[in-house]
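J.: One structure is given below, represented as structure tokens, and several questions about it will come after.
The values are calculated or read from the model by the stated rules, or taken from the named source; none is laboratory data. Fair warning: this is a prediction, and the values are worked out from it, not measured in the lab. Methodologically, a virtual Cβ is constructed for each residue, glycine included, from the backbone with ideal geometry; neighbour enumeration extends over all protein chains shown. The accessibility values were calculated without ligands, DNA or RNA, using every heavy atom of the protein model including side chains. Shrake-Rupley method; radii C 1.70, N 1.55, O 1.52, S 1.80 Å.
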Amino acid sequence: MNTHDNGQVPVSSPKITIAMIVCGIVGTAFIGAASAATTDDGAPSITVRYNPQSLDTQSGARALYSRLVQAAVEVCPQGSDSPYWISEQVRECRKQAVARAVFQVNNPRLAAVYAASSKSG
């Protein structure tokens, strides 16, 4: 499903099973408000609207990437155990959420920002 044309993508968190973490995130944003929703599989999600033309610039792609990361934090929250330590499950959920959102947007500038951020962190 390519939602690049209408400027919105839902962001969802994974369901944890015995063998793996399944994360459903469809998210992007640059402008507009986010709305909470639930995906068909019941995983929490956030739909974030963005202006597809904003991806015509490097700064627009970086801004969208930042919003995707924030959306992943919201749908993959850390438990109350420690606000300073992020569990590996939460870290993996966020990583998969952002990767899926970048894939769904299908934009070369956004993909380059994602690749650069993945190498550095």
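J.: Taking residue 74, is it open to solvent by 50 Å² or more (accessible area, probe 1.4 Å), within 28 Å of residue 53 (Cα to Cα) and of a type in the set (Asp, Glu)? Give the derivation first.
T.: Numbers: open to solvent by 50 Å² or more (accessible area, probe 1.4 Å): yes; within 28 Å of residue 53 (Cα to Cα): yes; of a type in the set (Asp, Glu): yes.
So residue 74 fits the description; yes.
J.: Another question, then. Out of 112, 61, 99, I need the residue that is at pLDDT below 95, part of a helix (DSSP H, G or I) and not acidic (Asp, Glu). Which one?
T.: Values: 112 fails: at pLDDT below 95; 61 fails: at pLDDT below 95.
Just a single option satisfies the conditions, and that option is 99.
J.: Mind checking which residues of the stretch 71-94 are part of a helix (DSSP H, G or I) and either aliphatic (A, V, I, L, M) or at pLDDT 95 or above (or both)?
T.: Just the residues of the stretch 71-94 that are part of a helix (DSSP H, G or I), to begin with: 71-75, 88-94.
71, 72, 73, 75, 90 - these are the residues of the stretch 71-94 that are part of a helix (DSSP H, G or I) and either aliphatic (A, V, I, L, M) or at pLDDT 95 or above (or both).
J.: Can you find, within the stretch 84-121, the residue that is surrounded by the fewest Cβ atoms within 10 Å (Cβ to Cβ) among those that are among the basic types (Lys, Arg) and within 18 Å of residue 52 (Cα to Cα)?
T.: Let us first name the residues in the stretch 84-121 that are among the basic types (Lys, Arg), namely 91, 94-95, 100, 109, 119.
When the remaining residues are screened for being within 18 Å of residue 52 (Cα to Cα), the result is 100, 109.
Values: 100: 21, 109: 19.
Restricting to residues being among the basic types (Lys, Arg) and within 18 Å of residue 52 (Cα to Cα), the top hit is 109.
J.: Still on this structure: Which numbered condition in (1) modelled with pLDDT of 60 or more; (2) closer than 16 Å to residue 110 by Cβ; (3) open to solvent by 50 Å² or more (accessible area, probe 1.4 Å) is the only one that residue 30 fails?
T.: (1)
J.: List pairs: first in the stretch 86-105 and farther than 15 Å from residue 71 by Cβ, second open to solvent by less than 100 Å² (accessible area, probe 1.4 Å) and part of a helix (DSSP H, G or I), Cβ under 9 Å, 6+ apart or cross-chain?
T.: 86/94
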